[in-house]
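See structure below.
No value in this document is a laboratory result; all are computed from the given coordinates. Just so you know, these numbers come straight off a predicted model, no measurement behind them. Reconstructed Cβ throughout: ideal geometry from the backbone, glycine too, with neighbour counts over all protein chains shown.
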Amino acid sequence: MGIYYMYTVVVVVIALLVNLDTLSTCVLAQVTTKSSHWTHSTMRGAINNIIDKRSLRVDNSGDGRGDTEERVGNIFSKVSNFFKNNNAIRWADAAKSDDFVKKKFKLTGLSGVALTGHKNYKHFEKFVEIKTSNQLDAWLKADKSTVAVWRELGLGSISTWDDLMNAAHTDAFKIYQRYVDSFDNNAVINAAFKGKPIPVWSSDTSWTERIARMVNWKANKKSEKHIMLMLGFNTFSLDALEANQNAKTYLIYW
């Protein structure tokens, strides 16, 4: 494209010079015919003025070409992003693996700034978000218990406080937090409008998952009444409540 542009400029300049010579000759002839009182400096000023105007037109033409090339580049970029976005959605809906999509977006082997700074990383992020949302929706539709999701995400092996603290920064833990928040909200809505009983924690729920749920309640500012419903306090007698593990969880929470 650079060579083509250079040739074009050369041709335009030559054409202008030819026209200028012709135009200068015509102007001089007209000046000589019309008035013998015009001085040499006056005629030279008129010619220079014409040359200046021609030069301005050449410069403007160059700017216009640059603007056109920039617009064409922007169009190609938008088209490319459109197709990449569509691919991200299509692969997410097909539940393709992260490695598969990274390879398609030429992100394989990248990490840190090299990964996040890549032009295709935003499309990979879109893929991950849609895929995660699809998975959350599927779990909610199946009314999957939080314990089952906790284990499916690989969090069931957490048994110590240090393990829990380390897991808190993982994608799996964050996905669990998103799920339990939606799960709790759906449970209350279904109880109010459909008369469905609220799922109560089972006695075999691990203490690490209980802590994770309490973190979620705090983060989302759940009301005391909401938490009592989730712990099943409305279904227990006083004696049963005192002996129930959920009562101890409630005391720890508050």
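For Ser97, what charge total do you get from the other residues with a beta carbon under 12 Å from its beta carbon, if Lys and Arg give +1 and Asp and Glu give -1?
Value of the local net charge: +3.
Could you tell me which of the pairs Lys131/Lys174; Lys126/Lys221; Lys144/Lys194; Lys96/Lys174 are separated by over 26 angstrom between their Cα atoms in the structure shown?
Lys126/Lys221
Could you calculate the FRET efficiency of Arg151 with Val128 from 1/(1 + (r/R0)^6), where r is the beta carbon distance between them and R0 is 25 Å, rounded to 0.05?
FRET efficiency, Arg151 to Val128: 0.70.
So between Glu224 and Leu140, what do we pick up on full extension, going 0.36 nm a residue minus the alpha carbon distance?
Extra length available between Glu224 and Leu140 comes to 27.9 nm.
Efficiency by 1/(1 + (r/R0)^6): what FRET value for Thr108 and Trp207, r their Cβ-Cβ distance, R0 = 41 Å, to the nearest 0.05?
The calculated FRET efficiency here is 0.55.
To the nearest 20 debye, what is the magnitude of the charge dipole of the stretch 60-204 about its Cα centre, counting +1 on the Cβ of each Lys and Arg and -1 on the Cβ of each Asp and Glu?
580
Counting each pair of different Cα atoms once, what's the Kirkwood radius of the stretch 101-209 in Å, rounded to one decimal?
One decimal place: 16.2 Å for the Kirkwood radius.
Express in nm, to one decimal, how much length is gained between Arg90 and Asn190 on full extension, taking 0.36 nm for each residue of separation and deducting their alpha carbon distance.
Contour length minus Cα-Cα distance gives 32.8 nm.
Tally Lys and Arg at +1 and Asp and Glu at -1 over the other residues with C-beta under 10 Å from the C-beta of Asn216: what net charge comes out?
Once positives and negatives cancel, what remains is +2.
Quick check: residue separation of Ser182 and Asp162 times 0.36 nm, minus the Cα distance between them. What number comes out in nm?
Separation in residues times 0.36 nm, less the Cα-Cα distance, equals 4.5 nm.
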